[in-house]
1. Looking at the chain as a GNM with Cα springs under 10 Å, which of TYR163, TYR48, TYR129 has the largest mean-square fluctuation?
2. In square angstrom, what is the accessible area per residue of the chain with a 1.4 angstrom probe?
3. Using 0.36 nm times the number of residues separating HIS99 and HIS53, minus their current alpha carbon distance, what extension gain do you get?
4. Percent of accessible area on the chain owned by carbon and sulfur, 1.4 Å probe?
5. Would you mind calculating the gained length between ILE2 and VAL69 on full extension (0.36 nm times residue separation, minus the Cα-Cα distance), in nm to one decimal?
6. What net charge do the residues around HIS53 carry, taking every other residue with its C-beta under 12 Å from that of HIS53, with Lys and Arg at +1 and Asp and Glu at -1?
7. Once you wrap a convex hull around the alpha carbon atoms of the chain, what is its projected area averaged over all directions, in nm²?
8. How high is the relative contact order of the stretch 1-141, given as a whole-number percent (alpha carbon pairs under 8 Å, six or more residues apart)?
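The values are calculated or read from the model by the stated rules, or taken from the named source; none is laboratory data. Only a predicted model underlies this, so the values are computations on that prediction, with no experimental measurement involved. So basically every Cβ, Gly included, is an ideal-geometry build from the backbone, and we count neighbours across all protein chains shown. SASA here: full protein model, heavy atoms, side chains in, ligands and nucleic acids out. Shrake-Rupley method; radii C 1.70, N 1.55, O 1.52, S 1.80 Å.
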Amino acid sequence: MILYHYFDRRTGPFRTLSDLPEDEAKALLEEAKRERPGSQCAQRHDKYVEYRHNCEAILRREFTKKGGVIRRQFPHYMVVGHSPWLSTWYEDCGVVKIHAREFDLQTLSFTYGDSMPTFSPTINDGREYRHQLYTYDEILTVIDKYGLPQDWNDDGSRGPERYIEVHVWSDETISLYR
């Protein structure tokens, strides 16, 4: 399984707003809106940082329940396989590809789709992967059942899931690719 991380080349890979104090993160979002209005990140709403922190608290709690290994407060984000949609998010997009076997698999969690809509209280369509976080072995079963979302829903017309999100709860492998 190849994991992808898309990023703005001007900023560099594996930089997360969650690692910053909230006021700095909000200031960076505002800067992106001014300087990179064509990027998807510039379209984020004013409460994005708060919503992201809330979602990450859910991810942490659910991964802890499953015995996951958490070595950093906030995860790094990747996706399973190439996402044509995500590759358009940045005006000057770069990508890092890392095979899952390079990670301690106990430090990886997954959501079938982006974690924010996955755990959103407003999306209640009854799909079994809503409000669910998976371990590596569990996501393999979900992939066998449903395939990769980017293969059947890259345009988002069939719901919010366009890729499988990976949460990397360690800097160990990531530091080799910065």
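1. Maximum among the listed residues: TYR48.
2. Numbers: 9070 Å² over 178 residues.
That works out to 51 Å² per residue.
3. Numbers: separation 46, 0.36 × 46 = 16.56 nm, distance 2.72 nm.
Additional length available on full extension: 13.8 nm.
4. 48
5. Values: separation 67, 0.36 × 67 = 24.12 nm, distance 2.05 nm.
The ILE2-VAL69 span can extend by a further 22.1 nm.
6. Numbers: positive: LYS26, LYS47, ARG52, ARG60; negative: ASP19, GLU22, GLU50, GLU56.
Around HIS53, the surrounding residues sum to 0.
7. Average projection, Cα convex hull of the chain: 9.7 nm².
8. 35 percent.
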